[in-house]
Amino acid sequence: MAQAIPETMTAIAISEPGGPMVLKQERRPVPGPSGGDILIRVRAAGVNRPDVAQRQGAYPPPPGASDLPGLEVAGEVAATGPEATRWKVGDKVCALTPGGGYAEYCLTHESNALPVPHGFTLTEAAALPETFFTVWHNVFQRGGLRAGESFLVHGGSSGIGTTAIQLAKAFGARVFATAGSSEKCEACRTLGADRAINYREEDFVSVVKEATEGKGVDLILDMVGGDYIDRNYEAAAVEGRIVQIAFLGGPKATANFAKLMMKRLVHTGSTLRPRTTEFKGQIAAELERQVWPLLGERRVAPVMDMIFPLRDAWRAHERMEEGQHIGKIVLDVG
């Protein structure tokens, strides 16, 4: 089942590994859905750190995925594969994709798509999948955050951070967040952080130790790595958990692993993109049950930083690499 779909589309490709200017607009064939896939007429696409890493040549797409960047989109279902049953042509969806989001049309499996929450624009909806899938899996599934526990997220003003603060607070945690300016710390507090820590002026270890009467925090979500690893071990409570999702400060560190033993810590990590379609579909199902109602009530919402037209994807990447953004950067595909 399909509607009138052109043979070619506008897309943003990576001409060669490098800086933002290697992102080039070109014409590509519109892909066709097979199996349980759906073809989405993309109206907006989220911009994420893995897109930057892919552009730089450091994060290749998994086998079989599009070579175009873009891991989350929102738009209308334009066509469905022969085994797809959930969605019909015209349905408005937002979706996690294995790649290819920086284009007018994009494929994903039907289980990795979710309805656009009530009252959301497609631009807002495009800011949801990558961060909400990532936070749900790493904070709640892998990290096991429970009501009444304390939670520290590094990079609190990022897309991941702003999502993690809101969800952790909504599910009853005490929330700490680090950020690099007074403006970013204020944004974290506005979203629900009980304590925002300006890492340029304060030591997060000392702050969380004092605020928890020496106990430390139960769960840490870290995207920094580097020298934060040893400091996370110090800031964590006995039986604490640390979940690693990126290494903006470098993947190598010197750490006192005796703390890992003495405190009985769990230090784990994950990447989302290489995981199976089925695994991502299970996350989507949990999100729809437990988080989508919060979005529909606006108890939780994406923090929107800037919106760029698709042709200016390079500017969106510049914005991300400058590090001044608060929340999500999105491409308007039209």
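In the chain, the longest principal axis of the Cα atoms and the axis of helix 313-322 are about 0 degrees apart. Segment 92-124 and segment 41-62 have Cα centres spaced 14 Å apart.
For Glu297 and Arg86, FRET efficiency with R0 = 22 Å and r from the beta-carbon atoms, rounded to 0.05? It comes to 0.40.
DSSP assigns beta bridges within the chain; of those with both partners inside it, close to 55 percent run antiparallel. The label point for Glu239 and the one for Glu201, both projected 7 Å from the Cα toward the Cβ, are 3.7 nm apart. Using a probe of 1.4 angstrom and keeping all protein chains present, the accessible surface of segment 3-114 works out to 39 square angstrom per residue. Residue separation of Ala147 and Arg189 scaled by 0.36 nm, minus their Cα-Cα distance, works out to 13.2 nm of gained length. The gain in end-to-end length when the Arg264 to Glu321 segment is fully stretched comes to 16.9 nm, 0.36 nm per residue minus the alpha carbon separation.
Rounded to the nearest 20, the Cβ-based charge dipole of the chain about its Cα centre (Lys and Arg +1, Asp and Glu -1) stands at 420 debye. The trypsin sites (Lys or Arg not before Pro) of segment 229-334 that DSSP puts in a loop, and whose beta carbon has at most 14 other beta carbons within 10 Å, are Lys252, Arg264, Arg298, Arg299. For segment 50-68, backbone nitrogen atoms closer than 20 Å to the point 7 Å from Glu278 Cα along Cα-to-C-beta are found at 62-65.
Restriction of the chymotrypsin sites (Phe, Trp or Tyr not before Pro) in segment 191-265 to DSSP coil positions whose beta-carbon has at most 15 other beta-carbons within 10 angstrom yields Phe257. Given R0 = 30 Å, the distance between the Cβ atoms of Thr271 and Ser182 translates into a calculated FRET efficiency of 0.40. Note down the net charge around Glu234, summing +1 for each Lys or Arg and -1 for each Asp or Glu among other residues with Cβ under 9 Å from its Cβ. Combined, the nearby Lys, Arg, Asp and Glu give +2.
Leaving out ligands and nucleic acids, note down the accessible area per residue over segment 170-324 with a 1.4 angstrom probe, in whole Å². That works out to 50 Å² for each residue. From largest to smallest, the equivalent ellipsoid semi-axes obtained for segment 190-334 from the alpha-carbon gyration tensor read 31, 20, 18 Å. Within the accessible surface of the chain, defined with a 1.4 Å probe on protein heavy atoms only, the carbon and sulfur portion equals 51 percent. Looking at segment 1-108, the GluC sites (Glu not before Pro) that sit in a DSSP loop and have at most 14 other Cβ atoms within 10 Å of their own Cβ are Glu7, Glu83.
The values are calculated or read from the model by the stated rules, or taken from the named source; none is laboratory data. These numbers were taken from a predicted model, which means no experiment stands behind them. When we count neighbours, we look across all protein chains shown, and the Cβ atoms used for this are built from the backbone with ideal geometry, even at glycine. Remember, those area values only see protein heavy atoms, side chains included, never the ligands or the DNA or RNA. Shrake-Rupley method; radii C 1.70, N 1.55, O 1.52, S 1.80 Å.
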